[in-house]
Amino acid sequence: MHRFANPARFMRVAERLLPWFLGLGGILLLAGLYQGLIASPADYQQHETVRIMYLHVPAAILAQGFYFGMALGSASFLIWKHPLGDLMARAMAPVGAALCFICLVTGAIWGKPTWGTYWVWDARLTSMLILLFLYFGYMALANAFDDPSRGHKPAALLAVVGVVNIPVIKFSVYFFNTLHQKSTLFAEGGPSMDPDMLLALMLMLGALGFLATAMAIIRLRGEMTVVKLRAARHGLNRHDDATQDVKHEETTR
Amino acid sequence: MTGVFLTILKRDLLLTIRQSTDVALVMAFFVVAAALFPFGVGPGPETLGRIAPGIVWVLALLAVMLSLDRLFQQDWEDGALELITLTPAPLPILVLGKAAAHWIGTGLPLIALAPLLGIMLNLTETAYPILIAGLALGTPSLSLIGAVGAALTLGARRAGLLMALLVLPLYIPVLIFGVTAVDAAVAGFSVRPHFLYLGAILLASLALAPLAAAAAIRNAVE
Amino acid sequence: MSELTGQDLTCIRGERPVFARLNFAWTAGTACQLTGPNGAGKSSLLRVLAGLIQPAAGSLSWHGTPIDEDREAHRARVSYCGHQEALKSALTVREGLQFWADLGGLPNRVDAALEGFELTGLADTPARILSSGQKRRVALARLIVESRPIWLLDEPTVGLDKASQERLEHLIAAHRAEGGIVAAATHVPIALPDAKNLDMADFAPGRLRGQAA
Amino acid sequence: MSEGDLGSLLGGGRHAAFVWWSYAIGAATLGLLAIQSIFWSRRLKRQLAALEAAQGAPEAQETRR
């Protein structure tokens, strides 16, 4: 019953990668901020507000990416009883939720000068809002049980059920959106975007990506310590049962 | 297989009839909440008429959600759920039976009451059949998705509130297609695509929800 | 040739190890009394045998084949009576038993079950107004309705009067005579002639002592 | 360096405020989460070490005996 063997090995690798992620993230952040705020041109129509895009778009991409990551971890926990998958999902949830929140707030702030109001039921913003609800649902369910070890499976199930529903929700929101409003021009621009802008976007995406992953690793360390704490409180030794039995046989012989 | 489905369906319906005050309470909520809107948005027939489908659908959603704890909570508390998982019958079929009983006990009365709300909220004439058809096609999905939410929150603190947070986001597609169907009908467009989407969601829920709920129940009775 | 065997069964509930390295081999007609202090894992063992709890380690097999291979078949072999009577207050005694009969037992055994525990008089009374002893008898009557080879009884005699306890003992004896297996966790001693004993204290996670009977 | 938009950005042009607000809220959210995560996992580490120190002692004797 090597409950901690594999996660412990993964954790050692993650710990070694952590400084690299932080360092790389920091460098990319500085480069991204410089490129985004200073080096790239303002939009002819939106003037400076287009710079919000360099934070808004990466946050949106990563918020959705983290939720899919959580669903993958949860699915591996449900199918192969892999405790590491569930712990990773728990570690990623708050980070993903924070990114989702940032995406919504920056979207709303960007909306004020562009559409004149802070909140517009634009399809993308609405889907992101629902994604935030899914995040809150996961975190609430994960901690809703008095016996913490009982909360792992329901939360994992919810993450998988949630991810199955995301495309349906997205489709229905776009369906709802096109009926009610000419699809608002979201000045995101595609490949036709000015190369300087595109560079800033990529740098910021890399920066947020590394920093968010680093934060997830820190939270993963926390989540694993929580599990070890519970185990230690019940007298199960820190290292797995195998060594535990060996130790006992020696003493009782 | 159908024998087991009918057995649990019959038992749950019997319980629903014997404890019919629960159903009456949910229906009372449905009507009273609808009656609040004229005070909120003003009694003007045009405004009410325009938002009537939305009100009826949202309140139907909330009414179904309020009665979801009847699905597993009582059986979980008195130990019957444990024994149900121990019968040789496959658990997803039993969940399907319970969800069907919940739909008959909640969805059907809502559908029956919807026209009354339509009148109260000055719903346009052409909208009634589409509202009823939409509810008929949509409320079973609400019970099925709700069954997953109810199973996931077994044993959780404040299960009722938690279920709302889990289930309502998953109800949004049903709400959107149900309401836009009525709007399309009023505006003279075809409602076929909306009902096809509602039907698709129902089929998907019929296939997937019992499996997810069964897995959650097995974890809850451990 | 033993029928129900357990090898190195270990059970952990909510991060707490309850029992470890538990072995047993029960043949047809065996009765086994689970004893041990509260919280020693008697109920947990019964729940593991019923398939409600997945053992953390070790395996349980019936006629040599591990039960994990066909959980539904295992559920068709086991009748589990836990602490809770699982009676729906709005249903009458007969309706309750008929439900369990239709769900996974023999539909025509309801009358036999009612007679088995002297419940014929109470058949049409709602479970709500039964006394705890009567509720316990209705819960035990389910064993007759389900008529499955393995009976797992968790403190079956709680609240039973003398007559009902004897009736239960006769029932268990008859069941064993037909080749059934009974595992009962009790504090109150019930008459189980030449029953095996399984003291859960022997399998506390910390201590390792010998093999069970 | 494109035509000195730095001035309008730093100079607090009408839209610049929105840009600053967005980045400020972004930094605040991620910063708060980072701080909370670091303190949370450190506190847990300390609790674990303390618990094991308390628990470690008797166990260690048992194995040595």
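The values are calculated or read from the model by the stated rules, or taken from the named source; none is laboratory data. Note that the structure is predicted; figures quoted are calculated from it, not measured. Cβ sites come from the backbone with ideal geometry, for glycine too, and all protein chains shown count toward neighbours. When the accessible area is computed, the model is the full protein with side chains, heavy atoms only, and any ligands, DNA or RNA have been set aside. Shrake-Rupley method; radii C 1.70, N 1.55, O 1.52, S 1.80 Å.
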Volume per residue (Å³) of the convex hull spanned by the alpha carbons of the stretch B:170-211 is 45 Å³
The correct ranking of B:211, B:96, A:158 by accessible area at 1.4 Å, largest first, is B:211, B:96, A:158
Ignoring trypsin sites (Lys or Arg not before Pro) buried by more than 16 other Cβ within 10 Å or outside DSSP loops, the longest site-free run in chain B is B:1-156
With a 1.4 angstrom probe the carbon and sulfur portion of accessible area for the stretch C:121-181, in percent, totals 55 percent
For chain C, longest principal axis from Cα atoms; helix C:162-177 axis from its Cα atoms; angle between them, nearest 10 degrees, is 60 degrees
Helix C:93-104: inclination vs chain C longest Cα principal axis, degrees, rounded to 10, gives 50 degrees
Once accessible area is computed for B alone, A alone and the pair with a 1.4 Å probe, the total buried surface, to the nearest 100 Å², works out to 2300 Å²
So the FRET efficiency between residue C:68 and residue A:198, C-beta based with R0 = 45 Å and rounded to 0.05, is 0.25
Computed for A with D: buried accessible area summed over both chains, 1.4 Å probe, rounded to 100 Å², at 3600 Å²
Here, chymotrypsin sites (Phe, Trp or Tyr not before Pro) of the stretch A:33-111 satisfying both criteria (DSSP loop; at most 12 other Cβ within 10 Å) are A:44
For chain B, the longest principal axis of the Cα atoms and the Cα long axis of helix B:91-102 enclose an angle in degrees, to the nearest 10, of 40 degrees
Computed over chain B, the convex hull of the Cα set has an average projected area, in nm², of 12.0 nm²
The answer for the net charge of residues other than residue A:14 whose Cβ lies under 13 angstrom from its Cβ, with Lys and Arg +1 and Asp and Glu -1, is +3
Once the in-chain neighbours fewer than 8 apart are removed, the aspartates and glutamates whose Cα is under 20 Å from residue A:228 read A:15, A:86, A:146, A:147, A:240, A:241, A:245, C:15, D:52, D:59
Residues from the stretch C:10-55 losing no less than 40 square angstrom of accessible surface in the full protein assembly compared with the chain alone, 1.4 angstrom probe, ligands and nucleic acids excluded, are C:12, C:14, C:15, C:47, C:52
extent check for the protein assembly as shown: Cα max minus min per principal axis, descending, whole Å, gives 99, 78, 38
Rounded to whole angstrom, the alpha-carbon centroid of the stretch D:18-59 lies from that of the stretch A:1-64 at a distance of 19 Å
On complex formation of C with B, accessible surface lost, both sides summed, probe 1.4 Å, nearest 100 Å², amounts to 2400 Å²
Mean per-residue count of partner chain Cβ within 10 Å for A:221-232 equals 6
For residue C:57, the residues 5 or more places away or on another chain with a placed amide H closer than 5 Å to its own amide H are C:10
Once the in-chain neighbours fewer than 8 apart are removed, the aspartates and glutamates whose Cα is under 18 Å from residue A:170 read A:122
Percent relative contact order for chain C, counting Cα pairs under 8 Å at least six residues apart, stands at 31 percent
Of the listed links A:153/C:135; C:42/C:196; B:98/C:88, those spanning more than 25 angstrom between alpha carbons are A:153/C:135
The protein assembly as shown accessible area per residue, 1.4 Å probe, protein heavy atoms, integer Å², reads 42 Å²
Counting only protein heavy atoms with a 1.4 Å probe and every protein chain in place, the carbon and sulfur fraction of the accessible surface of chain B in whole percent equals 75 percent
FRET efficiency (residue A:17, residue B:211; Cβ distance; R0 30 Å; to 0.05) is 0.25
For the stretch A:2-223, Rg(Cα) over 2.2 N^0.38 Å is 1.11
Rounded to 0.05, the calculated FRET efficiency for the beta carbons of residue C:118 and residue B:161 at R₀ = 51 Å is 0.65
